[in-house]
Structures are given as C-alpha cells and as structure tokens.
1. Among the residues of segment A:61-75, is any modelled with pLDDT of 95 or more, farther than 30 Å from residue A:22 by Cβ and not in a loop (DSSP other than H, G, I, E, B)?
2. Taking the options B:160, B:118, B:206, name whichever one is facing another protein chain (nearest Cβ under 9 Å) and under 22 Å from residue A:29 (Cβ atoms).
3. Condition (residue is surrounded by 17 or more Cβ atoms within 10 Å (Cβ to Cβ), assigned to a helix (DSSP H, G or I), of a type in the set (Phe, Trp, Tyr) and under 23 Å from the mean Cα position of the chain (by Cα)) applied to segment B:108-123: is it met by at least one residue?
4. Hey, any hits in segment B:49-58 for a residue that's surrounded by fewer than 24 Cβ atoms within 10 Å (Cβ to Cβ) and part of a helix (DSSP H, G or I)?
5. Looking only at segment B:184-203, which residues are assigned to a loop (DSSP other than H, G, I, E, B) and within 11 Å of chain A (Cβ to nearest Cβ)?
6. Which residue, of A:123, A:112, is at the interface with chain B (Cβ under 10 Å from one of its Cβ atoms) and closer than 19 Å to residue B:333 by Cα?
7. Checking residue A:120 against (1) more than 23 Å from residue A:160 (Cα to Cα); (2) touching an Asp or Glu at 6+ places or on another chain (Cβ under 9 Å), only one condition comes out false. Which one?
Amino acid sequence: MPVLSPELRERAEAIKARFPKGRERSAILPLLYLVQSVEGWVTRDGLREVSGLLDLTTAEVAAVASFYTMIRTRPTGRHVISVCTNLSCALRGAETVYEAANRATSLEGDREVSADGLFTVHEEECLGACDAAPVVQVDFANHDRVTPERMAEIVESLRSGDAPAPARGTAPEDFREASRILAGEGGVP
Amino acid sequence: MTDRIVTARWGEPDTVWIDRYIRTGGYRALKKALKMAPVEVIEEVKASGLRGRGGAGFPTGVKWSFVPQDTGKPTYVVVNLDESEPGTFNNRELVERDPHQLLEGAIIAAYAIGAGSVFVYCRGEFLWPGLVLERAIAEGYEKGFLGKGIARSKYDVDVVLHRGAGAYICGEETALLESLEGFRGQPRQRPPFPAVEGLYSAPTVVNNVETLCNVPHIIENGAAWYASIGTERSPGTKVFSVSGKVERPGNFEVEMGTPFEVLLEERAGGVLGGKRLKAWTPGGSSTPFLTAEHVDVGLDFESIQAAGSLLGTGAVIVCDEADCMVEAARRLVRFYAHESCGKCTTCREGTWWAVRVLGRVEDGLGRPEDLPLLADLGRNMLGRGFCVLVDGAVSPMESTLRFFRDEYEAHVREGRCPVTGEGPGRRPIEEPVVPTEAPLSLSEVLG
C-alpha cells in the first residue's frame, strides 16, 4: 500500500520542484515530514516511498532519517511533548517539569508511547526560547514558563481533545499536523 | 541612542506585515542597493566593519567578496536560521517580530553576490517562526520584492524556506549544506570554503540571521554611520540573549563594548532574587564561563577574548551562588554528547566519557583522579575534532574546573554536592542509548 495519496504525491512533486533540476535529493527532509504527517511516524513503508520518489535506496533514506531526531522512526504518540532540561531551563526548575510530564502521561521506564497511544515525552535539548524557561513544546508549539502543575493541566487538556493555546501562534492539532507544516505544506496562516 | 538597530521595530507588532514594514522605512535599503553596482554593495558592507554574528565574527563584506563571479555556476545565499546553541534565542525573536528585515538583508546579500536563489535553513523546532517567515515570503512575492524583476529592477531572486529536523550540528555551515543537499548533517573538510564550493559545489554565502538583519541599515545609513557605533574592531550592536538566574530574561540589543554589568543590571534587572552572581557565559554554552570578577568586561569580540572567553552567539546564561557548577558543566557537556554527529572519534568518544566522569563527580561518586582526568580529557579534545563542536564541549568543562576547582574537589571529598547538599542516588546514572530497531534487511539495503 502506498503511504501517500495521489493528492499528496502531487504535493511531493511540488516539494521536489523547490530545488534545482538534478538536486531533488534536497527534498528528503520535507518528504520524510510529509510521510510522517500521514503515518504519525516514519515506517519502513514510508522510507520506501521516499526512496521511490527520489530514486534512492531505502538504506540511503534510512541513513538520513535516523540522523534527525524530529524524523521519528519508531512508534510515536499522537502528541509529542518536548521538555527542555538544558542549563537555562534547568536553572528554572525544568527537571520537575520533565518528571511531571512523565507522571501525567503515565510514561514509565523505557516506554516511548503511553498506553493510550496519546503521548510521547521527549527530554529535549535547548529549544531556543530560554527567556521563557522552563520551555515545553507540544507538537512543536511553545509553552512558556511551565510549572509542574501547568504541565499536568496541558496533558489533561490534550487528553480531553483540546490543544492548549501556545505562547505564540496557533497549536497544530497533533504531531501529524505539525509534520505537515514542517514539510512546508501547512498553508500560510 | 544608537542602542536599537535590528530590534528597533519590536515595539510595533504590526511590522510583521509587509505594508506596515514598508511604512516604517522597510525595503527602502533594497531599492537603494538595486541602484548600486553589486560590488559597491559589497564595498559598503566591508567598510562598515560588520562581523558575522553566528559565533566566528568573520567580516561579512570580506566573506561576500570571496565569491568568484567567473565559475559559470550559479551562486547561492543560505540563511542560517538553525539557531540551537544553548542559551541563544535572538534569531528566533528577530524572525518572529520582524521577518521582513531578515528577508530584505538576505535579498541585498543575494544581489551583492549575484545569487538568484536564497535558501533559509530554519531549525525544525521553530515551527511558529518558520510560519511567520513563510507568510513574509508570500507577501514578498505579492508585493514584487521577490520573484522576477524585483522592485522594478532587472534582478530576479527566489527564496525557499527549508526546515531542519533537530540536529544542532547543522548550525555549522558545512554540515548545514550537507543537510540542505539531503544528507546526514556532518561537516565537510575545509578548504574549500563555501564561498568557493558550497551548496551543490557552487559558490555560496552562508550568513547568520542577525548579521543579515544589520545589512539594510548599513545600506540605508552608510558604512561610516555603522562603523561609528560600538568599538573600533567590533562595530555595531549585538543582541544578547540573557537567561537563567536573572530578574528579566530576554533579548537586549546593546552597543558593542557595553560592560556586562550594564546588560545584567540595567537591562536584565540583575541576578534573580538579589542573589550573588556566580558565573555567566558570554556567548552560549560553547564559550568558557566567566565569573563575578568579570562584570566590567566589555561585550565585544576583543574584550571578551582578552578575558578568556568568546562572544559566540551573545547568549548569556547566568548562574547564581546557589547553583552547582559541576551540574552546569555536566548538562552542557551532555548536550554536546547528544549532538555529536559521530563523524570523528575525538568528539564522539570524548564527549561521551566527559559526561560519565562529570556525572559521577556531580553525584558524589567521583574519585580524586577524576579531576586531572577531566583536565587531560579536555586537553586532548580541544582543537582535535573534525569541526569545532568538540571545542564547545571543552569550554564549560575546562572553565568550571579552572574557576571552581574547590567545588569539584569538595564533591569528591564530601561525597555530595557542597552547594545543594545532594548526594548519590538522586538521579539515575545515565547510560548510553542503544538503538532498538532491527537493522534493514539486505533487500531493503539494495533497493
């Protein structure tokens, strides 16, 4: 089964056309994001599809996909919660926010996806918003000065189907929609 | 006050829209540049003394002048918006609040070197800034500042926004180009430098966001005006990102050479809760910590270097008297271990071991010989990596060992942190992450 619908395959061709002729390989990251927006992560089928679009081997695509943490090559929750614990955030209490995220989503040990399939929590390196430490991203939308209590509230509202309003801009519906935006196919706000 | 150049529009939120941007003087510099010869634009930027704001401080106009015009290949401008140095967040805000200023600077740069394409490599995690820029690009096309015959000239230029996917190393310009070409983001051997052989082996200028944001102002007000701001060898202003233990964290644009004390006290409101300053990075996690002894250091390339550190990206992370410097070093070195691309042994192995040794000292499980071991490890890493990522990892380790040796020794002697009182067992020992996926099958490898 192809991962991309005929409509998305057309979009894939448009993504390739962003680059000069003969340089379509440059489209590999946006194409991986596009596949991720359909599958919720990038499966072997997804890797194969991208390799077909770019006339590469699956291994060449896998080599690139595995280098980048935002391309998820393992099962992933509907929402990805990234908690920065680098120095600026740690100085403002990020460690307790990270613990709160794991507690609220009931993620334990090495589990990458919560039992209800809703969450993946990622201990993140600097997210480039240190003035608002501790910083959390939900599907790459920023939440500023997050406390453990606020972290629990965010998880609760995601559970009830509301994406909480981020500090700036609008929240993607979920990780899939965020991936579509990252492919450059989210539409201009 | 010449304090605010690139952040001047931040008080007016509507200037994210092109109409308002134009009404506040936007795209005037571009129109002026299009009436000049490209080489005159380069000369103007050269004469201004503008130096790259991404960390290395290389003179921007000189970089542009290295681009050969007779290769028969296209030339490219690549905007480095892969801002990921811990503590740094000025590029993000420059884009979020004034995206057209960046575009205008990038278009002028492209015109100067004769490039028909600009690629903006935007950090993936910058979902919102990326959207703001996408919107600005769309407006630029609508209003005729991008595309064919821009601003009624004969010059054509296109801008493509490209998102990265969570790799700090792609901020290194040659790794960025590898990534933009669709490969793993690993640095390239230099020379050849990107100005000669960059994107698709063609001459390419890679510039930082803040650098390009300065360009329209230099073209509009002239090189002499710009050179009169700041210090002789570090002209202009710098946007400092101040975070950590301060009352008012944020981005503050100050004239180069401003004493750190002024930035800390007058702009960032001083140390949080009136505590005492203990340590600060002048330019992000990869620049050696300075201490309370250094509050009068001027914030410019030369003065900071003379004090034993680097201006870097202008990211000031402030630690107070209640913060453990071994922990600070461990967190920063962990970042480099995580972000090491794995290409060279020095970095891949050196950072990994450094985190382990720092971790056990922090946890009160260190041995007396760990301190000389860390110093030795640092000496063997510094300058011996394929790129400078490994040097960034040495900075926090080496500088905290130098300034806070007592604190390290007390950790080992007392078996717990002398600052916070915490001892072993408060956090799990970090083990390396082993990939859990099955390898690809042979048929997948082949096709």
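1. Looking through segment A:61-75, none of the residues is modelled with pLDDT of 95 or more, farther than 30 Å from residue A:22 by Cβ and not in a loop (DSSP other than H, G, I, E, B).
2. B:160
3. Taking every residue of segment B:108-123 in turn, none turns out to be surrounded by 17 or more Cβ atoms within 10 Å (Cβ to Cβ), assigned to a helix (DSSP H, G or I), of a type in the set (Phe, Trp, Tyr) and under 23 Å from the mean Cα position of the chain (by Cα).
4. No - not one qualifying residue is present in segment B:49-58.
5. B:184, B:185, B:186, B:202
6. A:123
7. (1)
Each row is one residue, and each column tells you yes or no for (1) part of a loop (DSSP other than H, G, I, E, B); (2) modelled with pLDDT of 95 or more; (3) touching a strand residue (DSSP E or B) at 6+ places or on another chain (Cβ under 9 Å).
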residue	(1), (2), (3)
B:361	no, yes, no
B:400	no, yes, yes
B:412	no, yes, no
B:426	yes, no, no
B:431	yes, no, no
B:439	yes, no, no
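The values are calculated or read from the model by the stated rules, or taken from the named source; none is laboratory data. All values reported here derive from a predicted model rather than from experimental measurement. In this analysis, Cβ positions are derived from the backbone assuming ideal geometry, glycine residues included, and neighbour counts consider all displayed protein chains.
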